[in-house]
Number of protein chains: 2
Amino acid sequence: MTIGEFSRLTHLSVRTLRRYHEAALLEPAVVDETTGYRYYGVDQIPAAQVIHRLRELDVPLSDVQRILRTPDPGVRASLVADHLQRLEDVLDRTRTAVVSLRRLLRPDPAPIDVELRAEPARTVAAVEAVVAHRDVTTWYAGAMAELEAAVGAAVTGPPGGSYDNALFEQERGLAVVYLPTAAPPRTGRVHPATLPAAELAVTTHVGEHDDIEVTYGELGTWVVENAMSVAGPVREVYVVGPRDTNDPAAWRTEIGWPVFRVGVVEGGPAAPR
Amino acid sequence: MTIGEFSRLTHLSVRTLRRYHEAALLEPAVVDETTGYRYYGVDQIPAAQVIHRLRELDVPLSDVQRILRTPDPGVRASLVADHLQRLEDVLDRTRTAVVSLRRLLRPDPAPIDVELRAEPARTVAAVEAVVAHRDVTTWYAGAMAELEAAVGAAVTGPPGGSYDNALFEQERGLAVVYLPTAAPPRTGRVHPATLPAAELAVTTHVGEHDDIEVTYGELGTWVVENAMSVAGPVREVYVVGPRDTNDPAAWRTEIGWPVFRVGVVEGGPAAPR
DNA sequence: TCTGAACGCTCCCCCTGGGGGAGAGTCCAC
DNA sequence: GTGGACTCTCCCCCAGGGGGAGCGTTCAGA
């Protein structure tokens, strides 16, 4: 079967078939030595269909190759499953992008309400780890469960977290979650930790965290507009969260950005104004 | 604000910001004439965020530009909605690709059951149009509704369709749907039409049409293996369909591919064997 | 046996939306 | 004034294709 006939049967363009040959993804059954003509066999149609479908799922050609060369159907299925998991992640990202976009494009965004607050140092029960940005949610759930088990009824306030800037800039960084309590225990990953004193620019994000990036952006704008610079990890306090109510619309998250006035000598933390 | 500071605030890489400048997507507030240094303003953060989100939705840069330059929020919202519609389509495509893939990777596919059948010419009530491949489903629903209204109880068999090869090869081609009836009416788009006699290679697809492409592929393989060539539009007969049962698993679709034996002189239709 | 259309070949450049790195110039605080 | 961090432009790279030039092959009809 010539490349044109094969193309018609598989709905892959002639160009694409040649490319797949070059990539050793789908080699013609016979290649005429003298003319270079490619001839395909009927038995290659299923492989071509598999490739077509995988490409529709945006599986990279290298992965397609790996899948085709895996004889064990079980392993093969798991490779495909891996990719489907990646698709799910993309879908998630897409969903939150849509939510943020709605808010970003809203005709008249309400002006942001920012409070400058001098926060004293305090000791809390904490769990910390270097995590990837996309794993934060999962990690948070586990860490907070462990914290609640360790602290129990001795909790003296809402939970919070501190997230290194590298987490946003390099997609990976130090994250700390904590529960305030009078005498922090030390069990498992839970240990006492000191939150340093800081001058914080604080605003409150309302509702789910889908569009929290937008609030971050507004806070960042405020900080720059007020001639300040950011110093240190961002803090979040889950004033009202899933522990308190099942209605995400009622959630309140305080975002605190450590700041100092631009021009203050030595780059140290600013004195409260 | 230098490009680096702006980069940190928006989570867009310095490189990407420069690219956006080049593309006239997001121009720095000030560009130093002598050094070429780019300086951004605080008021550009929201635009950068919008771009970021749109890019997460895979909106092409040209469309992002169009959206940003549209002052009317209503028009802007509709541009975004258009893209969301496109995302939905991709999602649909992904879903069917997953279903097909499952079947394609099944360890032991049952051998296909093909019958060679000489179909006589017959006259039916038909609706026809040149449609795009992805619009076939929608178009079919409307056409079939009109057919049923026109023919009513005079129906003498299951509905069917005939789909030009161009529909699969060029993504656009002639589609015909019909209902068999003794005296085809002529109202609206409905008119009498003659299905030409043909030698058909017929197989039956079971269930939803998500993975019907796989059955097509198997039929194509059979046709080539049996030394035949395809001649003319493919036919489908909806022996058991949504009109008959709400259980998609019970659907039966006959796929008939007009064939002729390779080597028959003049390329005319084959005599039945 | 010739001829012309249809089809095939390779090679090169183009597109999208980025990333890596070289080599040189600039900014700013000490 | 000096060093380090930052920025500039320029070129090459990636995937996964598409367009087209220029030329060779196949095959059926005359």
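If you wrap a convex hull around the alpha carbons of the protein assembly as shown, what volume per residue comes out, as a whole number of Å³? Write down the numbers at each step before the final one.
Values: hull volume 131.2 nm³, N = 546.
It comes to 240 Å³ per residue, whole-number rounded.
Between copies, how far apart are the B:ARG117 label points? List them in nm, one decimal, shortest first, with each point 7 Å from Cα toward Cβ, please?
7.5
Work out the P(r) tail for chain A: percent of alpha carbon pairs separated by more than 33 Å, whole number.
Values: 16873 of 37128 pairs.
Pairs farther apart than 33 Å: 45 percent.
Tally Lys and Arg at +1 and Asp and Glu at -1 over the other residues with C-beta under 11 Å from the C-beta of B:GLU218: what net charge comes out? Don't jump to the answer; show the numbers that get you there.
Working: positive: B:ARG103; negative: B:ASP113, B:ASP211, B:GLU213, B:GLU225.
Residues close to B:GLU218 contribute a combined charge of -3.
Show the residues, 5+ positions off or on another chain, whose built amide H is closer than 5 Å to the amide H of B:GLY41.
Amide H to amide H, under 5 Å and 5 or more residues apart or across chains, B:GLY41 pairs with B:ALA29.
Where does the charge balance sit around B:TYR20 when Lys and Arg score +1, Asp and Glu -1, over other residues with C-beta under 15 Å from its C-beta? Before the final figure, lay out each step's value.
On the way: positive: B:ARG15, B:ARG18, B:ARG19, B:ARG38, B:ARG53, B:ARG55, B:ARG66, B:ARG69; negative: B:GLU22, B:GLU27, B:GLU56, B:ASP63.
Here the count lands on +4.
About the Cα centre of chain A, what is the dipole size in debye to 20, counting +1 per Lys and Arg Cβ and -1 per Asp and Glu Cβ, all else neutral?
280 debye
Would you kindly work out, in nm and rounded to one decimal, the distances from the label point of B:GLY36 to those of the same position in each other copy, ordered shortest first, with label points 7 Å along Cα-to-Cβ?
4.1
Averaged across B:44-53, how many Cβ atoms of other chains sit within 10 Å of each residue's Cβ atom?
Numbers: counts 1, 6, 7, 1, 1, 11, 6, 1, 6, 13.
Mean shielding count: 5.
To the nearest 500 deg cm²/dmol, what mean residue ellipticity at 222 nm is calculated for chain B from DSSP H runs of n ≥ 4 alone, each contributing -39,500 (n - 2.57), summed and divided by the residues?
Values: 8 runs with 104 residues, N = 273.
That comes out to -12000 deg cm²/dmol.
What does the structure give for B:207-217 when I average, per residue, the other chain Cβ atoms found within 10 Å of the residue Cβ? If you can, show how the numbers build up before the last one.
Numbers: counts 0, 0, 0, 0, 1, 0, 4, 4, 0, 3, 9.
The per-residue average across the peptide is 2.
Can you tell me the order of B:205-211, A:199-205 when each peptide is scored by its average per-residue count of other Cβ atoms within 10 angstrom, highest first? List each step's numbers first, then the result.
Details: B:205-211: 17.1, A:199-205: 19.7.
Going by the mean number of other Cβ atoms within 10 Å, highest first, we get A:199-205, B:205-211.
What does the net charge come to around B:THR2 if you take all other residues with beta carbon closer than 12 Å to its beta carbon, with K and R at +1 and D and E at -1?
On the way: positive: B:ARG8, B:ARG38; negative: B:GLU5, B:ASP32.
Summing Lys and Arg as +1 and Asp and Glu as -1 gives 0.
If neighbour count is taken as other Cβ atoms inside 10 Å, put A:LEU174, A:LEU91, A:LEU54 in order from fewest to most.
Working: A:LEU174 15, A:LEU91 12, A:LEU54 24.
Exposure proxy ranking, most exposed first: A:LEU91, A:LEU174, A:LEU54.
I'd like the mean, over residues of A:73-83, of how many other protein chain beta carbons sit within 10 Å of each residue's own Cβ. Can you show the working numbers first?
Numbers: counts 4, 1, 0, 2, 5, 0, 1, 4, 0, 0, 2.
Average neighbour count from other chains, rounded to a whole number: 2.
Which chain A residue sits with its beta carbon nearest the axis carrying A onto B, and how many Å away is it, rounded to a whole number?
A:LEU91, 4
Between segment A:216-249 and segment A:50-115, how far is it from one alpha carbon centroid to the other, in angstrom?
Segment A:216-249 and segment A:50-115 have Cα centres separated by 28 Å.
For segment B:66-223, rounded, prolate or oblate, judged on the Cα gyration tensor with a ≥ b ≥ c (square roots of eigenvalues), a/c < 1.5 rounded, else prolate if a/b > b/c? Don't jump to the answer; show the numbers that get you there.
Working: a/c = 2.64, a/b = 1.30, b/c = 2.04.
Note, shape of segment B:66-223 comes out oblate.
Once the label point is set 7 Å along the Cα-to-beta-carbon vector, what list of distances in nm do you get between B:ARG189 and its counterparts in the other copies?
Spelled out, the distances from B:ARG189's label point are 5.8 nm.
Report the one residue of A:VAL30, B:TYR178, B:PHE168 whose Cα lies farthest in the direction of the positive end of the charge dipole of the protein assembly as shown (charges on C-beta: Lys and Arg +1, Asp and Glu -1; origin at the Cα centre).
A:VAL30
FYI, it's all coordinate maths here, none of it is from the lab. None of the values given here were measured: they were computed from a predicted structure. Backbone-built Cβ (ideal geometry, glycine too); neighbour counts: all protein chains shown.
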